[in-house]
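The values are calculated or read from the model by the stated rules, or taken from the named source; none is laboratory data. These figures come from a predicted structure and were not determined experimentally. Cβ atoms come from the backbone with ideal geometry, glycine included; neighbour counts cover every protein chain shown.
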């Protein structure tokens, strides 16, 4: 049984930003602040500002953007405005007028399902709920950990058609009563991209790290790149970081079986579920995606975790501006054709 502890997450955040690259030049001093109440993970904001007061004001705005998306995408709690839980609660009953930001995210997610051949499906909520409940029970008592029954999973899968999500310019509606949305595969990256836009508009260099979703804006002082580490999926390994990359204006998003999981019969079952099999994929331990947009990075890291390796490689190679790294269960590392150009050790050797 398990999931990454807060201590481990903080360590990951600290090693993920080896603050050490071309685009917006850094001005002022470097400041960092961490939040623990967003998207069930550790969030770190690093930016160059003229003063601590200016950085604190920036952090308040960044936090506001992320907190809004956190609540809009929440499927467990009610607020004083309609959110995704409202849409789920009223599935098969009526359309819900929701914030335009949530509508744009849902529209993005529907497009993502088409672009990834259904390997990323936010309508998988009924299936994901069964797995979530089993993980929660396993955390309470690891000795009683068990998998959801295949019969229950197959029944839940009957209510996962993304086309049953109807969107207008004001409303969202699930036209089947038993349907549920879960945007866990897209929300964090999408929200991070919106927060990064805030820095870009203000002309501020910085980096955001939302528990493995890293967005860099501009460069560090003197035009140096941001050095970003890729987490080792082997939680028992001596080194937390597999390798480091030099990024300037790119995003790095990693999906892995070490982030949320449960152990049954000595076997680890990840939180990422293949919509076709309704079980976690078993071929890889983690996938890291490099691209300019963290929203698509989030989508693709999940898609590449789910898709067969050869199919995922083909998807990356035909998609402009995207690179990826796979870590297989046996520890073998596989890279897309352009990934090596971003490795810090390679760049230093060329200097």
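All but one of (1) within 24 Å of residue 81 (Cβ to Cβ); (2) touching a helix residue (DSSP H, G or I) at 6+ places or on another chain (Cβ under 6 Å); (3) crowded, with 16+ Cβ neighbours inside 10 Å hold for residue 109; state the number of the condition that does not hold.
Tallying (1) within 24 Å of residue 81 (Cβ to Cβ); (2) touching a helix residue (DSSP H, G or I) at 6+ places or on another chain (Cβ under 6 Å); (3) crowded, with 16+ Cβ neighbours inside 10 Å, residue 109 fails exactly one: (2).
Per-residue answers, yes or no, for (1) at positive phi; (2) outside any loop (DSSP other than H, G, I, E, B):
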| residue | (1), (2) |
| --- | --- |
| 236 | no, no |
| 243 | no, yes |
| 262 | no, yes |
| 272 | no, no |
| 280 | no, no |
| 298 | no, yes |
| 316 | no, yes |
| 321 | yes, no |
| 330 | no, no |
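What number of residues within the range 147-172 are closer than 17 Å to residue 85 by Cα and touching a strand residue (DSSP E or B) at 6+ places or on another chain (Cβ under 7 Å)? Please lay out each step first, then the result.
Initially, the range 147-172 is screened for residues closer than 17 Å to residue 85 by Cα, giving 159-160, 162, 164-167, 170-172.
After this cut, where a residue has to be touching a strand residue (DSSP E or B) at 6+ places or on another chain (Cβ under 7 Å) as well, the list is 164-166, 170-172.
Counting residues in the range 147-172 that are closer than 17 Å to residue 85 by Cα and touching a strand residue (DSSP E or B) at 6+ places or on another chain (Cβ under 7 Å) gives 6.
Out of 230, 273, which single residue is out of contact with any strand residue (DSSP E or B) (no Cβ under 9 Å at 6 or more places or on another chain), surrounded by 18 or more Cβ atoms within 10 Å (Cβ to Cβ) and not assigned by the TED database to the domain that holds residue 117?
273
Here are some conditions: (1) out of contact with any helix residue (DSSP H, G or I) (no Cβ under 7 Å at 6 or more places or on another chain); (2) crowded, with 20+ Cβ neighbours inside 10 Å; (3) not in a helix (DSSP H, G or I). Residue 305 meets all but one. Which one does it not meet?
Of (1) out of contact with any helix residue (DSSP H, G or I) (no Cβ under 7 Å at 6 or more places or on another chain); (2) crowded, with 20+ Cβ neighbours inside 10 Å; (3) not in a helix (DSSP H, G or I), only one is false for residue 305: (3).
Please indicate, with yes or no, whether at least one residue in the range 138-146 is within 26 Å of the chain's Cα centre (by Cα) and surrounded by 21 or more Cβ atoms within 10 Å (Cβ to Cβ).
yes
I'd like to know if the range 199-212 contains one or more residues that are modelled with pLDDT under 95, within 17 Å of the chain's Cα centre (by Cα) and surrounded by fewer than 24 Cβ atoms within 10 Å (Cβ to Cβ).
Within the range 199-212 (the criterion being modelled with pLDDT under 95, within 17 Å of the chain's Cα centre (by Cα) and surrounded by fewer than 24 Cβ atoms within 10 Å (Cβ to Cβ)), the answer is yes, since at least one residue qualifies.
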